[in-house]
Amino acid sequence: MLELEHGFRVVDVNARLTPEEGPGIRDRGHPISPERLEREMHQAGIVRAVVSPDPLRETSHLQANNGVARLSVDRPFVAFARINGPRSLATGRASRVRNAVSRRREWHTTPADVEQYAYDDRFHGFTLDPAIDGLPDEDVLVALEDVDLPVIVSGGVDAPPSVLAETVLERSFPVVVGHFGGHPLNRDHMDEMIDLLERFDDCYLDTSFVRYREQLERALLEHPDRVFFGSGAPASHPNVAVMEILTLDVSEDKLWRAFSKNACRVIDALARDST
């Protein structure tokens with residue numbers, strides 16, 4: 001693809017980078033190389049990008065997290081550590097009982113893991129896909145509140161806004177809900193997630209895989225300080241994701257906010273130039 005020409009400083013809060021030796025190669029096909037991801041980001045005018053490994057069931061993310069941190073050195077990448085947990089997303093009475101007695105297995109994130117990632121200067125936040133990773137238990141959620149780093153949570157039909165509201169959005173750490181909470185292409189969930197911004201002051205939305213102009217423009221018009229740009233790379237080419245935002249019928253100021261100002265206010269590392 002040709003390089004996009006625009007005058008915006010763009011930062012990306014939603015990209016995947018799975019190391020060659022990581023377990024993700026078994027389930028997700030051949031991972032994109034850091035060189036190719038960096039090249040595609042450059043083509044789209046993206047100067048910094050949050051990267052994390054793919055979610056995997058019943059697998060420790062320690063090796064993949066460390067691999068992502070290693071591959072981010074001297075590149076315009078900001079490493080986030082993927083976390084997981086033993087609890088399910090279901091909210092019925094029986095599920096609540098099961099969650100109450102669920103116990104961590106050897107591959108689940110512990111409070112000590114959270115502290116180690118938080119105080120390791122290679123990592124700047126956390127990512128979680130509740131439908132695949134599961135939900136952390138109470139002790140881990142408390143540890144996340146203590147370290148107070150942003151957590152990017154994948155939202156969609158398997159992790160709907162109503163469930164996220166009951167499980168993570170009331171916590172004190174910043175939560176960035178991926179895909180406007182509506183992956184794949186569920187407009188009702190996207191609208192519900194936009195509505196929830198009125199209730200949760202430290203909740204934000206990222207634009208990855210949001211293909212509907214109506215929902216993108218509504219969020220930027222009603223909550224211009226709560227929308228972050230996310231490309232969804234490598235599944236979505238960064239050029240495509242940037243162009244979708246550039247063509248919205250909103251003011252230049254709101255584009256600046258979505259492309260960089262909002263995210264840099266919450267994720268400090270995105271504000272720094274890459275070395």
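Conditions tested, residue by residue: (1) under 18 Å from VAL176 (Cβ atoms); (2) crowded, with 20+ Cβ neighbours inside 10 Å.
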{"site": "CYS203", "(1), (2)": "yes, yes"}
{"site": "THR207", "(1), (2)": "yes, yes"}
{"site": "ARG211", "(1), (2)": "no, no"}
{"site": "GLN215", "(1), (2)": "yes, yes"}
{"site": "ASP225", "(1), (2)": "yes, no"}
{"site": "SER231", "(1), (2)": "yes, yes"}
{"site": "ASN239", "(1), (2)": "no, yes"}
{"site": "LEU246", "(1), (2)": "no, no"}
{"site": "ASP249", "(1), (2)": "no, no"}
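Taking the stretch 160-243 and the helices (runs of 4 or more DSSP H) fully enclosed by it, the elements with 2 or more residues that are touching a Gly at 6+ places or on another chain (Cβ under 6 Å) and among the aliphatic types (A, V, I, L, M) are at 187-196. Selection of the stretch 244-256 for residues being outside any helix (DSSP H, G or I) and hydrophobic (A, V, I, L, M, F, W, C) yields LEU248, VAL250.
In the stretch 51-104, the qualifying residues are those that are at pLDDT 95 or above and among the basic types (Lys, Arg), and the one that is farthest from GLU35 (Cα to Cα) is ARG82.
Scanning the stretch 144-163 for residues that are under 14 Å from the mean Cα position of the chain (by Cα), under 20 Å from PHE209 (Cα atoms) and either surrounded by fewer than 20 Cβ atoms within 10 Å (Cβ to Cβ) or not small (Gly, Ala, Ser) (or both) yields VAL151, ILE152, VAL153. Here is the figure for the stretch 1-50: residues that are modelled with pLDDT of 95 or more, among the acidic types (Asp, Glu) and either in a strand (DSSP E or B) or open to solvent by 50 Å² or more (accessible area, probe 1.4 Å) (or both) total 3.
When LEU141, LEU185, LEU128 are checked against the criterion of being open to solvent by less than 10 Å² (accessible area, probe 1.4 Å) and more than 24 Å from LEU270 (Cβ to Cβ), a single residue qualifies: LEU141. The test for being at pLDDT below 95, closer than 23 Å to GLY7 by Cα and of a type outside the set (Asp, Glu) holds for SER236.
Among all positions in the stretch 116-124, there is no residue which is surrounded by 24 or more Cβ atoms within 10 Å (Cβ to Cβ), more than 22 Å from ASN84 (Cβ to Cβ) and without any contact (Cβ under 8 Å) to a residue 40 or more places away in the chain.
The values are calculated or read from the model by the stated rules, or taken from the named source; none is laboratory data. All of these numbers come straight from a predicted model, not from anything done at the bench. When we count neighbours, we look across all protein chains shown, and the Cβ atoms used for this are built from the backbone with ideal geometry, even at glycine. Note: areas computed on protein heavy atoms with side chains; ligands, DNA, RNA excluded. Shrake-Rupley method; radii C 1.70, N 1.55, O 1.52, S 1.80 Å.
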